[in-house]
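Input: a single structure, listed below in structure tokens.
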Amino acid sequence: MAGATARDCSASRLRVRLRGTVQGVGFRPFVHSIAARYGLSGFVRNDSEGVLLEVEGVSCAEFLEALRRETPPLASVDGIDVECIGARGDTGFSILESAGPGDPAGRTRTRIAADAATCAACLDDLFDPASRFHLYPFVTCTHCGPRFTIASSLPFDRMRTSMARFHMCRDCARDYRDSGSRRFHAETVACPACGPRLDHDPAAIVTAIRAGKIVAVKGIGGYHLLCDARSEAAVAELRRRKARDAKPFAVMAANAASVARFAEASDAEAELLKHRSRPIVVMKSRGSLAPSVAPRLNRIGIMLPYAPLHHLLFHAAAGFPSGGATLEAANDFVVVSTSANPGGEPLVFDDSDAKRRLSGVADLIVGHNRAIVARADDSVMAVVDGAPAFLRRARGAAPEPIDLGAEGPSVVAFGAHLKSTVTVTRGREAFISQHIGDLDNAESLRFFEEAYRHLLSILAVTPEFAACDLHPDFFSTRFAEETGLPLLRVQHHAAHVAAIAAEHGVKDKVLGVALDGYGMGDDRGAWGGEMLLVGGARWRRLGHLAPLALAGGDRAAREPWRMGVAALAALGRLDAAPRLFPHAPLAGQLVETLRRGASIRTTSMGRLFDAAAALAGVCLEQRYEGQAAMELEALVRAPRCFPGGFRLSAGVLDFTPILSFIATERPGQRVAAEIFHGALIEGCATWIEAAARANGETRIALGGGCMMNRILSEGLAQALRARGLSPLVARTVPCNDGGVSLGQAAMARAAFAAEATEKESASCV
Ligand SMILES: [Zn+2]
Ligand SMILES: [Zn+2]
């Protein structure tokens, strides 16, 4: 009797089932409080489908209205089913123990909330000398604190989290049982008398950082390395020890007033900074922190404190003011906060591992005795084309699902090779793992498997089908093959487009571009600037960028000067290579190779950026993926129109005219960057418009890693709207390879839907 109202019901007892994010978020105490408000008896409990409750009394209808109207802060209700049942005549209202984990038929539909930043009420406790949580680094309640990162399985009960080993003291047990308390049935409740402990004093951490030291601190999703963001010596030393030359670091500052001193936050960015998921928000830098924080870039990633310990650090740095004075006042203490991951490995989260792997990196290692069950990096977001978009999706966002709009078979999709994620679908929802990283070292492969198993465990689901990339040599592909499940191999850029279609709820076909680094085409070619029509599990290539030689294979991606030489080859100007790249000792050799035409070719937009950056003299070698493109973007104040900067013929978009101008006229770095971006926007918009008209499409998915370039993505979105088209921008899932697993999953569900239906009807016979 889904959707029945209590007034339809002659009986005075209701059974109500709620699905969604309803566990570990204070739902049962919330139900208890409204039942008390209306004087109802009955019970509420968690089970494998969510929350089940029964209420009895004269005001059931009012109760139901309140239940539909109000929700606790971290809850999100997807469905309410109401059933009228016979009165039992029980007295009082009770919160019952959870029913056990999911039944084998896979009915488990409940979920675990994402980790949430310390709430305002807990901050009051933290800085209230009269509170037993005063200055306690692990204060939480039902509205805040870790969830995903401490849970091993469902339902979300203390015994299935890393809080299990801490036995509540009398005070905590009283709060836990007190229906008037914010900690009523708060599974994470703990205090200095009974809970986890930090093994160093916050003041000692601040002193070390102020003295220029590097401190590893165990946080919510793993260890972070902290150092003084205003000290060039400290930041440069962190780069040296972490063997990270140039890739930008994120910083943490106390509050909005502190951020304003070194960055320019728009209203939307300031709002995003304060979101309870507390992502790193990329915004315009004032350039007043140490230059090594984000070398040669004009944007900076910033986050605000999200764990009580962070607040305690800023409190100590401010000289221990009384009450919550730390929370709003500008604070000069700004720290680099970067995942503790030596040499590009995933972040460290295990305590013994931390001692072993971080001893050469950190001067001080600060741990605590609450284990991290699932590691998760900080999420990274930006305001793109007027609204928030994920660039990396992890802590605070995983495992919030994407609604696929319809039921379907459970599939697991293993993503690509870089910025890896795993997606598992259950019912009508897709759950994307936290960001795992590039699958190029043993530790990352371990994390990949760990994230996959954890996802299956917290979803209590057994996938029937799998999906992976077309590339046969990716670790993720081989892992998918080893599952033994029926497998769909999905072209990389089709997956990019399908991911955007999935998050925007597009059911039929969609036209999309994937402007990207690398993905294998169905001709085994090196694709990366693709125009595709994607619908269900089918896709068609309508166009691509004019190919350039991938000069030196994989090395081309690390050494943009090689793409500069490849561009000269395309211009018939190889003779200019020695003059343009005098410091590249192998340039002569490469010229010979290209003269013979002996090189594979690529349609990659990422490599086109490299070529432009090299010809403009902006970046000849890159230390991290996307560096040349990011440095080129950083030079742009506004993209400049450059008539005739591209050619379009039979779906092939060719930017050799603009490259030719940059190589020949040498207009200076800034002008080169601005006209290159201008030509890209105009060229891509023209290209897309032609395909849209030819195919009768108006919605255009804008995917691929190059869409992280805001000048390009915002300029292109605007240009498409001016042409009467509707751009779809990746928001909930990154536009880069972090979103590929979602696209693979959506296409695999379409591919296997018929098979799944057959299986189901066969088992019914
Ligand atoms: Zn709280
Ligand atoms: Zn306690």
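Using only the alpha carbons, work out the radius of gyration and Dmax of region 701-741 in angstrom.
Considering region 701-741 through its Cα atoms, Rg and Dmax are 10.3, 32 Å.
Please work out the Kirkwood hydrodynamic radius for region 545-729, using every pair of different C-alpha atoms, and report it in angstroms with one decimal place.
The Cα-based Kirkwood calculation yields 16.5 Å.
Less than 12 Å apart at the alpha-carbon level, and either on another chain or at least 8 residues along: which aspartates and glutamates does that give for K284?
E264, E269
Quick check: convex hull over the Cα atoms of region 6-95, volume per residue in Å³, rounded to an integer?
84
What order do you get for 551-564, 124-137 when each peptide is scored by the mean count of other beta carbon atoms within 10 Å, highest first?
551-564, 124-137
If one takes the longest principal axis of the Cα atoms in the chain, at what angle in degrees, from 0 to 90 and to the nearest 10, does the Cα axis of helix 560-571 lie?
50
Cβ neighbours within 10 Å, averaged per peptide: list 60-66, 592-598, 80-86 in order, most packed at the top.
Ranked by mean Cβ neighbours within 10 Å, highest first: 60-66, 80-86, 592-598.
Which of the pairs K247/K355; K355/K419; K247/K419; K242/K419 have their Cα atoms more than 22 Å apart in this structure?
K247/K355; K355/K419
Please give the charge dipole size of the chain, origin at the Cα centre, charges +1 on K and R Cβ atoms and -1 on D and E Cβ atoms. Round to the nearest 20 debye.
Dipole magnitude for the chain comes out near 880 debye.
How much accessible area per residue does the chain have, counting only protein heavy atoms and a probe of 1.4 Å, in square angstrom?
Using a 1.4 Å probe on heavy atoms only, each residue of the chain averages 37 Å².
Counting only protein heavy atoms and using a 1.4 Å probe, what share of the accessible area of region 594-704 belongs to carbon plus sulfur, as a whole percent?
Reported share for carbon and sulfur atoms: 50 percent.
Over what distance in Å are the Cα centres of region 536-566 and region 580-616 separated?
Cα centres, region 536-566 to region 580-616: 11 Å.
Ranking request for peptides 574-584, 653-663, 444-454: highest mean number of other beta-carbon atoms within 10 Å first, then the rest in descending order. All intermediate terms of the calculation are to be shown ahead of the outcome.
Working: 574-584: 15.2, 653-663: 22.5, 444-454: 18.5.
My ranking of the peptides, most packed first, is 653-663, 444-454, 574-584.
Distances longer than 21 Å among the Cα atoms of region 28-159: what percent of all pairs is that?
The calculated P(r) of region 28-159 puts 52 percent of pairs beyond 21 Å.
Per the 1.4 Å probe, what fraction of the accessible area of region 371-462, in percent, lies on carbon and sulfur atoms?
Heavy-atom surface of region 371-462 belonging to carbon and sulfur, 1.4 Å probe: 54 percent.
Share of region 259-356's accessible area from carbon and sulfur, percent, 1.4 Å? Write out the running numbers ahead of the final one.
Details: 1940 of 3880 Å².
Result for region 259-356: 50 percent of the exposed heavy-atom area is carbon or sulfur.
Do you know the relative contact order of region 6-95, to the nearest whole percent, from alpha carbon pairs under 8 angstrom that are 6+ apart?
Relative contact order here is 48 percent.
I need the P(r) histogram for the chain: all alpha carbon pairs, bin width 10 Å from 0 out to the longest distance, whole percents.
Bins of 10 Å from zero give 3, 14, 22, 24, 20, 11, 5, 1, 0, 0 percent of pairs.
I need the P(r) histogram for region 202-380: all alpha carbon pairs, bin width 5 Å from 0 out to the longest distance, whole percents.
Spelled out per bin, shortest first, that is 1, 9, 18, 22, 22, 17, 8, 2, 0.
The values are calculated or read from the model by the stated rules, or taken from the named source; none is laboratory data. Everything numeric in this text was worked out from a predicted model, so none of it was measured. Virtual Cβ from ideal backbone geometry, glycine too; neighbours counted across all protein chains shown. These area figures cover heavy atoms from the full protein model, side chains too; ligands, DNA and RNA do not enter into them. Shrake-Rupley method; radii C 1.70, N 1.55, O 1.52, S 1.80 Å.
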